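Here the structure comes first, spelled out in structure tokens, and everything after it is commentary.
Taken together, the values in this text are just the output of simple stated rules run on the coordinates, not laboratory data. Everything quoted here is computed from the prediction, not taken from an experiment. Glycine also receives a Cβ, built like all others from the backbone with ideal geometry; neighbour counts cover every protein chain displayed.
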Amino acid sequence: MPRNKKRENNFAEVNPLHGKTIILGVTGGIAAYKACDIASMLRRAGADVHAVLTPNAREFVTQLSLTTITRNPSHCEQFQAQADWRPEHIELAKKADLILVAPATADIIAKMAAGMCDDLLTTMILASSAKIMLAPAMNPKMLDHPATQNNLATLQNHYRYDLIAADYGELACGDFGTGKMASVETIVAAAAACLLEHRTLAGRRVIVTAGGTREPIDPVRFIGNRSSGKMGIAMADAAYARGAEVTLVSTVEVDRAYSVLLVETALEMQETVEAEFDGCDALVMTAAVADFRPLGFSNQKIKKSVKEDFSLELTKNPDILDLLGRVKTDEQFIIGFAAESEELLSNASQKLKRKNLDVIVGNDITVPDIGFGSDDNAVIILSADGSRENLPRMPKRAIAEHLCDIIAARFSTAEKEPASAD
Ligand code: C5P
């Protein structure tokens, strides 16, 4: 590709939802009211959406709302008199490209894992060969319960259903924890991604780093940063959904089916990533690694001094990306991130060259409401081949899918053009 030629933004052009038949399964939790927004967004993206509610879901959202929003009759009763001799649910289940259960309560998860079918939705799930995704939403204790965790593991590992992980936050019951249904945007992006041909990273080993490192000062204090780890986790989820063998090196604890290696400091992250790097196909360094750490660690809590000033001596941390950029083979693909508060383009492009990266993803941290801690970001993507693209504000999962496309395209080109014999 010629230098500076803008790569087509195919996320906007290719719409995997268009013309697809999607059964939106709605179950009985408070997040059911958000099913209307999911249905609306899917329909506006061109999908033919059919809502199927469990009887309990009707306590939270009406069939009339979902019928109006989807512009298709919504369903609930399993045994309803009907004009056609063919059972409607079987016909719909056969036609569906995707069954998306959002929200998915602990109850439906248990029923799905056990293969039960005592209502219309669970019957359709069993009768369908469509791709199945679910977005759990429940009280954190219910989600954390070994029964729910075992059921989710069964759905994911035995039936290969896709989970759209629940978020951390305040729940309707007033509790804080993981159990909030993922955002509507994240769910729709995950559904779109799932409908794309999805095994494009099968057989590839991908390392992703996530979160911000913490550099301890004493047993109580540390130097940290505002990174939430959401971008890295979205990246690892996207690569895993495409069939990659994923290792997530993270400062943030997450429960996933792929390998998650928890670290705290830059030095621990360096040691862990370096140990995994040999033989990996791609490294995506989304983590915000502290550039400096305290020179010394005080074993005792540092006391408030009588003096007005307190100085902390710092020493430089190794630049993990820089070191690995120097030793990477031609077959390995490295993506770095650049969070900048000024001169985004020139700083990102200098880092791309200096660190010998294949791609750098730059974002302007001065833009309000996106970036750190948010579900969304807007980024520029610069590649070593000179191409550049601007991704407007979109969910981090959608950015991650885009990066997976870039990695997959690079590997498919490399397969088509084997290295010359000399
Ligand atoms: O140079 P700067 O810190 O802005 O570069 C950001 C990129 O470099 C990110 O991808 C980050 O993960 C990586 N990095 C690193 N080691 C450091 C600092 C940053 O790998 N010590």
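Do the sum for the chain: with -39,500 (n - 2.57) for every DSSP H run of n ≥ 4, divided by all residues, what is the mean residue ellipticity at 222 nm, to the nearest 500 deg cm²/dmol?
About -9500 deg cm²/dmol.
Quick check: residue separation of LEU314 and ARG71 times 0.36 nm, minus the Cα distance between them. What number comes out in nm?
Extra length from LEU314 to ARG71 when fully extended: 81.3 nm.
Defining a contact as two alpha carbons under 8 Å apart and six or more residues distant in sequence, what relative contact order in percent does the chain show?
This gives 13 percent for the chain.
Tell me, what is the FRET efficiency for GLU415 and ALA378 to the nearest 0.05, using R0 = 35 angstrom and their Cβ-Cβ distance as r?
According to the calculation, E is roughly 0.60.
List the equivalent ellipsoid semi-axes of the stretch 181-251 in whole Å, largest first, each obtained as the square root of 5λ for an eigenvalue λ of the Cα gyration tensor.
30, 16, 6
Which of the listed residues, LEU201, ILE125, ALA93, is farthest toward the dipole's positive end in the chain, when Lys, Arg count +1 and Asp, Glu count -1 at the beta-carbon?
The Cα lying farthest towards the positive end belongs to ALA93.
Jot down the radius of gyration and Dmax of the stretch 205-416, Cα atoms only, both in angstrom.
17.8, 69
Can you work out the Karplus-derived ³J(HN,Hα) for every residue in the stretch 323-331? Use 6.51 cos²θ - 1.76 cosθ + 1.60 with θ = phi - 60°, whole Hz, and x for glycine or proline.
5, 6, x, 6, 9, 5, 8, 5, 7
In whole Hz, with x marking every Gly and Pro, tabulate ³J(HN,Hα) for the stretch 34-43 from phi via Karplus 6.51 cos²θ - 1.76 cosθ + 1.60, θ = phi - 60°.
The phi angles translate into 6, 4, 4, 5, 4, 4, 5, 5, 5, 5 Hz.
Count the DSSP beta bridges whose two residues both fall in the chain, then state the antiparallel fraction as a percent rounded to the nearest 5.
Among the beta bridges of the chain, antiparallel pairing accounts for roughly 30 percent.
What would the Debye equation give as log₁₀ I(q)/I(0) for the chain at q = 0.06, 0.12 Å⁻¹, counting only Cα atoms as equal point scatterers?
Computed log10 I(q)/I(0) values: -0.28, -1.01.
What nm value, rounded to one decimal, do you get for the distance between ASN150 and MET116 when each label is placed 7 Å out toward the C-beta?
Result for the modelled spin labels: 1.5 nm.
For the stretch 2-197, calculate the relative contact order in percent as a whole number, restricting contacts to Cα pairs under 8 Å that are 6 or more residues apart.
22 percent
Kindly put HIS158, HIS50, HIS402, HIS18 in sequence by how many other C-beta atoms sit within 10 Å of each C-beta, fewest to most.
Lowest count first: HIS158, HIS18, HIS402, HIS50.
Taking the Cα centre of the chain as origin and charging only Cβ (+1 Lys, Arg; -1 Asp, Glu), how large is the dipole, in debye to the nearest 20?
For this selection, approximately 360 debye.
Taking amide H positions as placed 1.01 Å from N in the peptide plane, with prolines and chain starts having none, which residues 5 or more places from LEU314, or on another chain, fall under 5 Å of its amide H?
LEU295
Using a Gaussian network model of the chain whose springs link C-alpha atoms within less than 10 Å, name the residue from LEU295, LEU195, LEU345 with the highest mean-square fluctuation.
Largest GNM mean-square fluctuation: LEU295.
Could you give the length gained on full extension between ASN15 and GLU331, defined as 0.36 nm per residue of separation minus the Cα-Cα distance, in nm?
110.7 nm
Output needed: percent of Cα pairs per 10 Å distance bin for the stretch 2-197, bins running from 0 to the one holding the longest distance.
In whole percents, the pair-distance histogram is 9, 37, 35, 13, 4, 1, 0.
Between ILE365 and ALA202, 0.36 nm times their residue separation minus their Cα-Cα distance comes to what?
55.3 nm
Whole-Hz Karplus ³J(HN,Hα) for the stretch 131-148, in order, using 6.51 cos²θ - 1.76 cosθ + 1.60 and θ = phi - 60°, x for Gly and Pro?
These are the phi-based 3J(HN,Hα) values: 5, 10, 10, 9, 10, x, 8, 5, 4, x, 5, 5, 5, 6, 4, x, 5, 5 Hz.
Before anything else, pin down the relative contact order of the stretch 95-134: Cα pairs under 8 Å, at least 6 apart, normalised by residue count, whole percent.
61 percent
Helix 344-354 versus the longest principal axis of the chain: what is the Cα-based angle in degrees, 0 to 90, to the nearest 10?
Orientation of helix 344-354: about 70 degrees from the principal axis.
For a quick check: with amide H placed at 1.01 Å from N, whose amide H comes under 5 Å from ALA182's, ignoring anything fewer than 5 positions away on the same chain?
HN-HN under 5 Å from ALA182: ASP167.
Lysines within cross-link reach of LYS141: Cα-Cα under 25 Å, excluding same-chain residues under 8 positions apart?
Once the sequence-local lysines are set aside, what remains near LYS141 is LYS34, LYS111, LYS180, LYS230.
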